[in-house]
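Here is the structure we will look at, set down as structure tokens.
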Amino acid sequence: MAIAGNLYVWKYSENSRNYPGLNISADFSAISNLIDLLELMINCEWTTKKVLECKIPTNVILSKPNNRKGTADFKSADHLILTLVKNKKSLWKTTFNDQKAELQFNEAKAIELRQSFLKLLERRNDFSICDEDDDHCLTFW
């Protein structure tokens, strides 16, 4: 599924201790579309899955986390898979395989994810969503 705007998802292959998990950034158009998409997923009565196209992060995007002054090696996702599983008490999982990043989440985490994109619209960044054990982190830039 193509959304308007540019969506970037990547994982660092070096210095990952300081930058664990997945990283995400987007321009305002993509953020607005993601907020709308998450709202539709939350309001749907069934489990939903969407596959979104991603771009390779630019130097400007990579300068935000400033990992090794923007020169740290990374792997970029070609696609982001969003899966909202209904009626699940606890679920937040991030995976990255074969240039595909996937977020699996329940309704509570979907709301948190939507609120996180709202923060990005306000130009607030450098924060993460993680599971209860601080694993499976998604950091917003």
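What follows is calculated from the coordinates using simple rules that are stated; it is not laboratory data. None of the values given here were measured: they were computed from a predicted structure. Because the Cβ atoms are built from the backbone with ideal geometry, glycine has one as well, and the counts that use them run over all protein chains shown.
Within the straight-line cut-off of under 17 Å between alpha carbons, the lysines reachable from residue 86 are 49, 50, 109, sequence neighbours fewer than 8 places apart in one chain being disregarded.
Entry note, the chain: the mean residue ellipticity at 222 nm calculated from DSSP H runs of n ≥ 4, each adding -39500 (n - 2.57), is -8000 deg cm²/dmol after division by the residues and rounding to the nearest 500.
In the range 42-132, Rg over Rh equals 0.99, where Rg is the alpha-carbon radius of gyration and Rh the Kirkwood radius from pairwise Cα distances.
Here the range 1-73 is assigned +1 on the Cβ of each Lys and Arg and -1 on the Cβ of each Asp and Glu. Its dipole about the Cα centre then comes out at about 380 debye.
Packing-based ranking of 72-78, 96-102, 86-92 yields 72-78, 96-102, 86-92, ordered from highest to lowest mean Cβ neighbour count within 10 Å. Relative contact order for the chain: 28 percent, from Cα pairs under 8 Å spaced at least 6 residues apart, divided by residue count. Only Lys, Arg, Asp and Glu carry charge here, each on its Cβ (+1 for the first two, -1 for the last two); on that basis the range 1-131 has a dipole of about 300 debye about its Cα centre.
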